[in-house]
Amino acid sequence: MIVVHAHHLLARRLGGGGAVRADRRADVTEEEPVDGVEGSVMPRPVRFGRTAITGVTITLGLVGGTIAVYGTILVGVAHRFDLSVATAGITLSANFLGALLGVVACWWSLRRAAGGRVLASALVVFAVGLALAATAPTWPIFVTAISLSGVGFGALDVGVLTLMSRTEPDHRAWRLSVTGSGWAIGAIAGPLLIVVIRPAHFQAFLALAALLALALTALVRDVDAPPVRLGATLALAAARPPNRREVLQTFLAAFCCYVGLETAIAGWVATQLHGWHFAVAVGSLVTAGFWAGLAVGRLAARRLLRRWTGDRIVIVGLIGAVALLLAASIRWVAPLAYPLVGIALASVFPLGLHRFTELSPDDHDGVASLVLIGMLGGILGSGAENVAVAVFGLRAVPFVAAGMAALCLAVFASATRFSTLDRLSAAPPA
């Protein structure tokens, strides 16, 4: 997950303006007028109580663990429904296809309903999809169920991200770090749990995940997040920089490439290694190692930022990822290379999003668009691997991923043309 930058405009307007009421009712909004924008008001910050923080952290762990598991159970899915591995790989695309719909549905819902209710509803959809997948008697029903769970996944992903970006600037980074750690821990634990359950019994994992999702609905309801009304949306739009469209288009392309890359790797590592006759447990362990590399790399990012800029860290990481993915085409190198790829890619998403929020602050619609296009990248990434495996076999997996990493590198490198200083000088006076 991510660490979002707290921009000084929002901090000044929320911190220097009127008092914030202690009213905890989700349908009550205290908003502040914005100078120069008639009829516009700034929304009050979202509040996460301890119960909500705990619930959201566990929720992201559950989602992260479930998404990480999909790549490790492709062989089990193929055997269960008597399919080729390439056909079973449609599972990954189906999940992200549903997630696209979930992002749109959540973006619409957060303008009309309280945030806690939206998150709880997304968990219910996620649980129903997983339960149907666990009991699906045929392949078409299974794919449909995975798509439905993807709707919940997409809604939860963009919902948590959007609501967290609307919290008070003070300690926002801490809240994002704590909840984001849940995703990392889940993504590591999920594949390890599959080693114990065994991929052939993946239905048991999906059923357990569905039950946990239903239980979590009681915790996320504690989020105090009223709908963002039209006036608040106008206020946030008024503070956007003049080059917002160019910035957004560049980062949309970058995030599409990155999520496609991450999906192509995490979704096919275990299957590639299984095709090389490694034990099934090795594939799950290496997949967990990839996610562990992401977690470790993000913890190390703070120290790197003391010496390098975020742009340099992202670019160097992507260069390293290209080299490591090419090395992963060698049988005995691959199990070590993939966890190192995780470390190399660790800072791309959080620092990329951090950079976007510097250049286009308080742009919640932009953030939602990045998550939406990321889901599209997940479809394209897994789809490209499906086609390549069907045509060239499993040896194509690391080469397709390396190509995506190179494309991702080119787009992020192009984003260095934007300057924070230029944005500040071009921004209208507060």
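What follows draws every value from the coordinates through simple rules; no lab data is involved. Just so it is clear, the structure is predicted and the values come from calculations on it, not from any experiment. Note: ideal-geometry Cβ built from the backbone for every residue, glycine included; neighbour counts use all protein chains shown.
See the values below:
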read-out: 5 angstrom amide H check on Thr167, placed H, neighbours 5+ away; value: Val46
read-out: Dipole moment magnitude, nearest 20 debye, the stretch 35-150 about Cα centre, only Lys, Arg, Asp, Glu C-beta charged; value: 340
read-out: Ser382, Ser109, Ser147, Ser84 arranged by Cβ crowding within 10 Å, fewest neighbours leading; value: Ser84, Ser109, Ser147, Ser382
read-out: Residues Asp311, Asp363, sorted so that the one with the fewest Cβ neighbours within 10 Å comes first; value: Asp311, Asp363
read-out: Sorted by Cβ neighbour density within 10 Å, fewest at the top, the residues Thr54, Thr263; value: Thr54, Thr263
read-out: Point-charge dipole on Cβ atoms (K/R +1, D/E -1) for the stretch 285-366, about Cα centre, debye to 20; value: 520
read-out: Inverse mean reciprocal Cα-Cα distance (Kirkwood Rh) of the stretch 49-90, Å; value: 11.9
read-out: Whole-angstrom gap from the stretch 324-370 to the stretch 242-266, using each part's C-alpha centre; value: 10
read-out: Translational diffusion coefficient (Stokes-Einstein; Kirkwood radius from C-alpha pairs) of the stretch 249-376 at 37 °C, 0.692 mPa s, in µm²/s; value: 214
read-out: Calculated log₁₀ intensity ratio I(q)/I(0) where the Debye formula runs over C-alpha points of the stretch 110-170, q = 0.24, 0.27 Å⁻¹; value: -0.88, -1.00
read-out: Cα coordinate range in the stretch 124-230, projected on the principal axes (Å, largest first); value: 48, 32, 20
read-out: Cα shape, the stretch 333-394, gyration tensor, a/c 1.5 rule; value: oblate
